Amino acid sequence: MLIQISGQENLSYIVLCPRTADEWLVLHVDMKSQDILILLKLVSLGVDKPADAFNQSARNLAEMTGVGKTEVNKSLNRSINVGLAINSSLKGFVTVNRKGLFEFTFFGLSYVFPVRPLELTRGIPTALAAPVLRDKLLSPGGSIPVWPSAAGEHMGQAVTPLYKTVPQAVAHDDMLYASLALVDAIRIGGAREKKIAAEELRLLLSIS
């Protein structure tokens, strides 16, 4: 169940989604889709110590993700406010709450940022067609899900990425590509696809 509350700049959500048959995860979300991109980029960079503070600068993150510098700052603040990131101000860096990010992705993302495959287009394989899952889930024949991109070399059904710059952001970052493709598999996949994608995402996030 999703309750959406519209604001002037952000969308605020209360998400009620089943964790088990008798347990529901209640999420109050005041986020934008690019926040997930920024958090996953931080995970990819492995920034978890003061020496990595440079990689967390708004200018550097903006260059690597294509998200505007001002919006990067706002994104980090939103993630801190909802508990998906921790501001270690005394140490000079932000720590991603990896377990929280996984739980939000698995239990809530398909409710907050839903997506479905659309028309055929040229693009970059995502979800079950991406390298991280291709050998585990992809069956021969049929259309594959792709992020629309002029640089793409595959034809498939268009899947709108979490943020418009995703195709450019993953071009030189295999880990970011894998994590965002897994996120898409969770957003659009069936029960089996979500289960396998979740297992792979746990490995990438280094959580048990």
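No lab work stands behind these numbers, since they all come straight from the coordinates. Computed from a predicted model, the values in this text were never measured in an experiment. All Cβ positions, even for glycine, are placed from backbone atoms using ideal geometry, and neighbour counts span all protein chains on display.
For the range 73-208, would you read off the P(r) tail past 21 Å as a percentage of all alpha carbon pairs?
Working: 3941 of 9180 pairs.
Tail of the P(r) past 21 Å holds 43 percent of the pairs.
If one computes the Cα centroid of the range 142-156 and of the range 77-123, what distance in Å separates the two points? Result: 24 Å between the Cα centres.
Computed FRET efficiency, Cβ-Cβ of SER88 and SER57, R0 22 Å: what is it to the nearest 0.05?
The value I calculate is 0.90.
Distance cut-off 23 Å, Cα to Cα: go down the list LYS32/LYS136; LYS136/LYS195; LYS69/LYS99; LYS74/LYS195; LYS99/LYS164; LYS164/LYS195 and report the pairs above it. As for pairs spanning more than 23 Å Cα to Cα, those are LYS32/LYS136; LYS69/LYS99; LYS74/LYS195; LYS99/LYS164; LYS164/LYS195. The charge dipole of the range 120-205, taken about the Cα centre with unit charges on the Cβ atoms of Lys, Arg (+1) and Asp, Glu (-1), comes to about 260 debye, rounded to the nearest 20.
Extension gain ALA191-LYS164, at 0.36 nm per residue separation less the Cα-Cα distance, in nm? Walk me through the numbers on the way to the answer.
Details: separation 27, 0.36 × 27 = 9.72 nm, distance 2.68 nm.
Length difference between fully extended and current span is 7.0 nm.
For ASP184, the shell of other residues with beta-carbons less than 14 Å away shows a net charge of +2, using +1 for Lys and Arg and -1 for Asp and Glu. Can you compute the label reach from ILE207? Point 7 Å from Cα along the Cβ direction, backbone N cut-off under 19 Å, restricted to the range 59-102. Flagged as within label range: 76-88, 94-102. Under a point spin-label approximation (7 Å from Cα along Cα-to-Cβ), what is the ARG134-GLU119 distance to one decimal in nm? Modelled inter-label distance: 2.6 nm.
So if each residue of separation counts as 0.36 nm, and I subtract the Cα-Cα distance between MET155 and MET175, what length gain in nm does that give? Don't skip to the end; give the middle numbers.
Working: separation 20, 0.36 × 20 = 7.20 nm, distance 2.28 nm.
Computed gain between MET155 and MET175 is 4.9 nm.
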